[in-house]
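The values are calculated or read from the model by the stated rules, or taken from the named source; none is laboratory data. These numbers come from a predicted model, not from an experiment. Backbone-built Cβ (ideal geometry, glycine too); neighbour counts: all protein chains shown.
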């Protein structure tokens, strides 16, 4: 599912390359504390400055709902009333590090960064790869049962934005959803066709720099779903949420944090 969706997103993928933006079974118990520490250290080495040095980070894996082993990481407190489940761009989950760290520092939000099937070290059989809730449902369960969340919000950028819409419409048990720069179609699915099935609390974010057709489609999705359409000045995906290299929240990044915590669309 995640690796085959190219036709509807080719313009966005090319844009990512040109702008430098590119890239219910429960949790899998770590084999040992040392193994868990090694996994976290390896993730820091791989992500470099995309995950701030002082971020409270723990890398782990969990079993997909239908199958496979999903690579994930926690940034933020081990327990929080609010947990954001974060789906990434095609470059993988590292790019969420700055926003997740800022959300923890400013609002105490815990984030679970997730690599979908075939990305990073996530491996899945074909039937699991085709399940829109394979990665999301167990992550939401972890957020509530392991991290104590009362409120869980699903947030995705670019590819992850489209996957967020698809998962939310498929019945992900989340309190809200945010699509940041998601292509209007993914893996043959027209996102607008899912609008009626989306939960009522959501945000759609896009900048005109993604092109007139995609910008218009994003506004149409927001309108059809009855959720706010947040317009960025320029940029794609997590470029709209934090500054690089400083990692400070932008206006939109702050709005997404506020939405995660309160559901407010202000």
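Given (1) over 19 Å from residue 104 (Cβ atoms); (2) modelled with pLDDT under 95; (3) surrounded by fewer than 15 Cβ atoms within 10 Å (Cβ to Cβ), where does residue 187 come up short, assuming only one miss?
Here residue 187 clears every test but (3).
Filter region 118-139 down to the residues that are assigned to a loop (DSSP other than H, G, I, E, B) and touching a helix residue (DSSP H, G or I) at 6+ places or on another chain (Cβ under 7 Å) and list them by number.
Answer for region 118-139, where residues must be assigned to a loop (DSSP other than H, G, I, E, B) and touching a helix residue (DSSP H, G or I) at 6+ places or on another chain (Cβ under 7 Å): 118, 120, 132, 133, 134.
Condition check ((1) more than 19 Å from residue 85 (Cβ to Cβ); (2) surrounded by fewer than 23 Cβ atoms within 10 Å (Cβ to Cβ)) across all residues:
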| site | (1), (2) |
| --- | --- |
| 221 | yes, no |
| 231 | yes, yes |
| 234 | yes, yes |
| 239 | yes, no |
| 246 | yes, yes |
| 255 | no, yes |
| 259 | no, no |
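May I ask you to verify whether residue 142 is modelled with pLDDT of 95 or more, in a strand (DSSP E or B) and under 15 Å from residue 86 (Cα atoms)?
no
Looking at residue 43, is it modelled with pLDDT of 95 or more, surrounded by fewer than 21 Cβ atoms within 10 Å (Cβ to Cβ) and not in a loop (DSSP other than H, G, I, E, B)?
No, not satisfied.
Each row is one residue, and each column tells you yes or no for (1) within 15 Å of the chain's Cα centre (by Cα); (2) surrounded by fewer than 24 Cβ atoms within 10 Å (Cβ to Cβ).
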site: 61; (1), (2): no, yes
site: 64; (1), (2): no, no
site: 72; (1), (2): yes, no
site: 77; (1), (2): no, yes
site: 83; (1), (2): yes, no
site: 94; (1), (2): yes, yes
site: 97; (1), (2): yes, no
site: 105; (1), (2): no, yes
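Go through 263, 232, 219 for me and flag whichever is at pLDDT below 95 and touching a strand residue (DSSP E or B) at 6+ places or on another chain (Cβ under 8 Å).
263
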